[in-house]
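What follows is one structure encoded as structure tokens, with my remarks underneath.
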Amino acid sequence: MRIAVFGLGYVGSVTSACLAKLGHDVVGVDPNEYKVGCLARGESPIVEKDLGGLIAEAAQAGRLSATTDFVAAVKDADLVLVCVGTPSREDGSLDLAHVEHAAGEVGAALKAHPHFATVVFRSTMLPGSVEEQLVPRLEAASGGKLGKEFGVCYNPEFLREGTAVADFFGPPITVLGVADEKSAAPMRALYADLPGELAVVSIRTAEMLKYVNNAFHGLKVAFANEIGVLCKREGVDSHEVMRLFCADTKLNLSPYYLKPGFAFGGSCLPKDLRAITHRARERNLVLPVLDSVIRSNDVHVQRAVAAVERAKAPGRKVGVLGLSFKAETDDLRESPIIRVVGALVGKGWTLALHDAHVDASKLVGANRQYLEAEIPYLDRLFHKDPRDVVRASEVVVIANGHPAYKDVPSWMTEGQTLVDLVRRVEPGDVVRGEYVGLAW
Ligand SMILES: NC(=O)c1ccc[n+]([C@@H]2O[C@H](COP(=O)([O-])OP(=O)(O)OC[C@H]3O[C@@H](n4cnc5c(N)ncnc54)[C@H](O)[C@@H]3O)[C@@H](O)[C@H]2O)c1
């Protein structure tokens, strides 16, 4: 393919050299004459392992050139990749000025373009940037229409500086946000020989994913550093601890606990987070990440209360299905839904409750104590059949994943609202009435 790459920084120069290596004809574009000169001489404009050799080889083979003339670069291109910078403004917001300017140039160059070309944005941008800001810019500058004269994709870049070339040729996953299949076709072909899954998704999903990745990477670094500081103070070998932590690929390094759902609870997580952060405070250690975990969880509990409060329910009747913090247990200790129930009672709601494993009359020990302290009136609110709870309610809350609750949508009627805290209802399930997912 003939490919124009806008922006010859870290992402653009690695992308250009690697695509030329795969056999494509690549033209790099940048207003920076130093970077254009480097590529034209077959030299790398940045310090990056293996890049110098790749650029020299591609330039010599005539598959890689560079120019400051964007019209010449886009002429005849099948694909235009935009890899210009998207820096922070002073207030932290994202500055799209460079990418908007580049979209204007690409659009202007597409005016005289002889055939359909796909414009692929690779710069990191917040959801909506491509569809709401850059597509209109392309259409205005080119006089053409997305899907007719040109296509658009968003292809986030996951390379790490220092191993960027190896990352390009060995991606664990390649993600393609596409406007339509016609836009996607040349990109599928471009990546056909690379290993790993090729995930074709919406443009907004692909834009978001880049931020999710980086937020998680930052969180991991900050978490590991805080654990390190605490371990050091406790006389514990932090590297040994983290090596063992990473060896658990069932719960620790795994998809477990990474699905948006309801707040955590139970007999361990809240208690142990309190203990460890209390110990850190005793030691005068400042651990903002660990300190904020309980606070974040509390806010999530309040979100559930707010979701019920927002529902249309003139009689203020709410049914809650699932009281234990996990579906297949009767453990009520620090179950976050109990706090939601308490808050709703305080706000004047009439409640109906069901839990397959919690029979208020049979509760003993710690569970009974917990319940008596939190919601002593619970016995009166219990129903044996979850269908009775749905019938008695204007708003129905599913709070744990018990299998019986799968059928809740079919028991509901128009006018009722279902607040799903645990994604018991899946995409495609038909819900009568209004459906509210807590974080989806
Ligand atoms: N550096 C990384 O490791 C990395 C990884 C993934 C994603 N990203 C994202 O990729 C984007 C580019 O990052 P980078 O580190 O390569 O940036 P960079 O600042 O190194 O390079 C950007 C280049 O774009 C050029 N440019 C500006 N306006 C232009 C225009 N109108 N036409 C052509 N070229 C133009 C600049 O002169 C510069 O050379 C950013 O959005 C960044 O967040 C970077």
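Per-structure values
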| read-out | value |
| --- | --- |
| Leading residue at positive end of dipole, the chain (Cβ point charges), from ASN213, THR413, VAL29 | THR413 |
| At 1.567 mPa s and 4 °C, Stokes diffusion of the chain via Kirkwood alpha-carbon radius, µm² per second | 51 |
| The stretch 368-439-the stretch 179-204 distance, computed between alpha-carbon centres (Å) | 40 |
| Size of electric dipole in the stretch 31-82: Cβ of Lys, Arg +1 and of Asp, Glu -1, about Cα centre, debye, nearest 20 | 60 |
| Relative contact order (percent, whole number), the chain, Cα cutoff 8 Å, 6+ residue spacing | 9 |
| Total lysine pairs whose alpha carbons fall under 19 Å of each other in the stretch 213-303 (8 or more apart, or interchain) | 4 |
| Within the chain: Cβ-based charge dipole about Cα centre, in debye rounded to nearest 20 (Lys, Arg +1; Asp, Glu -1) | 980 |
| Taking SER296, SER335 and counting other C-beta atoms within 10 Å, the order from fewest to most | SER296, SER335 |
| Low-density loop positions, chymotrypsin sites (Phe, Trp or Tyr not before Pro), the stretch 369-422 - DSSP coil, at most 15 other Cβ in 10 Å | TYR377 |
| Under 14 Å from the Cα of LYS49 - aspartates and glutamates, other chains or at least 8 residues apart | GLU161, ASP167 |
| For the stretch 323-335, 3J(HN,Hα) per residue [Karplus equation, 6.51 cos²θ - 1.76 cosθ + 1.60, θ = phi - 60°, Hz, x = Gly/Pro] | 10, 6, 6, 10, 4, 9, 8, 9, 6, 9, 4, 6, 5 |
| Centre separation in Å (Cα based) which lies between the stretch 217-280 and the stretch 70-94 | 39 |
| Amide proton proximity set for THR174, modelled H, under 5 Å, gap of 5+ | GLU197, LEU198, ALA199 |
| Integer Hz, Karplus 6.51/-1.76/1.60 couplings in order for the stretch 170-176, x for Gly and Pro | x, x, x, 7, 10, 10, 10 |
| Among LEU378, VAL436, SER88 the positive-end extreme of the charge dipole of the chain (Cβ point charges) | LEU378 |
| GluC sites (Glu not before Pro) lying in DSSP loop within the stretch 27-69, provided at most 16 other Cβ fall within 10 Å | GLU43 |
| Neighbour-count ranking [beta-carbon atoms within 10 angstrom, fewest first] of CYS268, CYS231, CYS83 | CYS268, CYS231, CYS83 |
| Estimated vicinal HN-Hα couplings, Hz - the stretch 75-85 in sequence order (Karplus 6.51, -1.76, 1.60; Gly, Pro = x) | 3, 6, 5, 8, 10, 10, 9, 10, 10, 7, x |
| Percentage relative contact order, the stretch 153-289, counting C-alpha pairs under 8 Å, at least six apart | 19 |
| Positive-end residue of GLY107, VAL305, VAL286, charge dipole of the chain with Cβ unit charges | VAL305 |
| DSSP-loop trypsin sites (Lys or Arg not before Pro) across the stretch 345-426, with at most 13 other Cβ within 10 angstrom | LYS347, LYS384 |
| Ranked list, fewest to most other Cβ atoms within 10 Å of each Cβ, for LEU321, LEU96 | LEU96, LEU321 |
| Per-residue [θ]222 nm for the chain (sum of -39500 (n - 2.57) over DSSP H runs n ≥ 4, rounded to 500) | -13000 deg cm²/dmol |
| Net charge dipole size for the stretch 208-270 [Lys, Arg +1 and Asp, Glu -1 on Cβ; Debye, nearest 20] | 240 |
| Partners for LYS111 among lysines (Cα-Cα distance below 30 Å; same-chain residues under 8 apart left out) | LYS21, LYS35, LYS75, LYS145, LYS148, LYS182 |
| The stretch 338-440, relative contact order [Cα under 8 Å, separation at least 6], % | 21 |
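Bear in mind these aren't lab numbers, they're just calculated from the coordinates by the rules spelled out. Note that the structure is predicted; figures quoted are calculated from it, not measured. Here Cβ is always computed from backbone atoms with ideal geometry, including for glycine, and neighbour counts include all displayed protein chains.
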